[in-house]
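Undergrad: Structure below; questions to follow.
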Amino acid sequence: MKGGASISKPTYYIQIYFILTLYWASLFELFSVQILIYGLIFSVITVFISEKLTLHDSYYNLYYFNILNLPLYFCTLLVEIYRSSFAVIPAILSGKSDLAIISIPTNIKNDFQVSIMANSITLTPGTITIDMKENELMILWLNPKTSNSSAAGDIIKGRFEKILKEASK
């Protein structure tokens, strides 16, 4: 998506600096004023250098997201990981499982968001994203519930796609 529809470019960069500064402080395991100031300085420098030297475009144009959707996405990811874990444990313990490779469509057009969804699918037990092509993901699925790609897509990508689409508005 070229640019965000709901937040301005300065607000977007403040979000990025905020996230990177929190990440910086978490690496130090200390939230002092000095650590936060250094984190902010290095966040600004990192974003500036990476945009100029590696991306050749702005984060706003390439990796747009709305920070308000991050907690919801994180909580959804945790719920899906635990839900999938409990569904997969009996198959692992019994040693009886089937595998299928299924291609599922996605309505997300942004490569960054498709990558996030593909990685989220891989983090949930019982599914591994093995390939991404435009608007299609190839998934290795433990104990598939259907062979219909549309129905499988609804089961596998579930709420991830919906939240990611909302985050790009």
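Undergrad: For residue 131, are the conditions met, namely being within 14 Å of the chain's Cα centre (by Cα) and acidic (Asp, Glu)?
TA: For residue 131, the condition - within 14 Å of the chain's Cα centre (by Cα) and acidic (Asp, Glu) - is not met.
Undergrad: Please go through the range 106-125 and give me each residue that is out of contact with any Leu (no Cβ under 9 Å at 6 or more places or on another chain) and in contact (Cβ under 8 Å) with a residue 60 or more places away in the chain, ordered by number.
TA: From the range 106-125, those out of contact with any Leu (no Cβ under 9 Å at 6 or more places or on another chain) are 107, 109, 115, 119, 122; that's our starting set.
Answer for the range 106-125, where residues must be out of contact with any Leu (no Cβ under 9 Å at 6 or more places or on another chain) and in contact (Cβ under 8 Å) with a residue 60 or more places away in the chain: just 109.
Undergrad: Out of the residues in the range 106-139 meeting the condition of being among the small types (Gly, Ala, Ser) and under 27 Å from residue 58 (Cα atoms), tell me which one is surrounded by the most Cβ atoms within 10 Å (Cβ to Cβ). Show your work before the answer.
TA: Step one: of the range 106-139, the residues among the small types (Gly, Ala, Ser) are 115, 118, 120, 126.
Within this subset, residues satisfying the condition of being under 27 Å from residue 58 (Cα atoms) are 115, 118, 120.
Numbers: 115: 14, 118: 21, 120: 23.
Ranking the qualifying residues of the range 106-139, first place goes to 120.
Undergrad: May I pose another question? Condition test on residue 90, is it farther than 29 Å from residue 159 by Cβ, loosely packed, with under 13 Cβ neighbours inside 10 Å and either in contact with a Lys or Arg (Cβ under 9 Å, 6 or more places away or on another chain) or modelled with pLDDT of 85 or more (or both)?
TA: So residue 90 does not fit the description; no.
Undergrad: Which condition does residue 30 not pass, out of (1) closer than 20 Å to residue 10 by Cα; (2) assigned to a loop (DSSP other than H, G, I, E, B); (3) free of Cβ contacts under 8 Å to residues at least 12 places away in the same chain, if it passes all the others?
TA: Going through the list (1) closer than 20 Å to residue 10 by Cα; (2) assigned to a loop (DSSP other than H, G, I, E, B); (3) free of Cβ contacts under 8 Å to residues at least 12 places away in the same chain, residue 30 breaks only (1).
Undergrad: Among residues belonging to the range 47-60 that are surrounded by 15 or more Cβ atoms within 10 Å (Cβ to Cβ) and part of a helix (DSSP H, G or I), point out the one that is modelled with the highest pLDDT.
TA: Among them, the one singled out is 47.
Undergrad: Let me ask something else. Would you confirm whether or not the range 159-169 contains a residue that is outside any helix (DSSP H, G or I) and at pLDDT 90 or above? Reasoning before the result, please.
TA: So the first thing to find is which residues in the range 159-169 are outside any helix (DSSP H, G or I), and the list is 168-169.
Okay, now just the ones that are also at pLDDT 90 or above, so none.
There is no residue in the range 159-169 that is outside any helix (DSSP H, G or I) and at pLDDT 90 or above.
The values are calculated or read from the model by the stated rules, or taken from the named source; none is laboratory data. The structure displayed is predicted, hence computed values, not measured ones. When we count neighbours, we look across all protein chains shown, and the Cβ atoms used for this are built from the backbone with ideal geometry, even at glycine.
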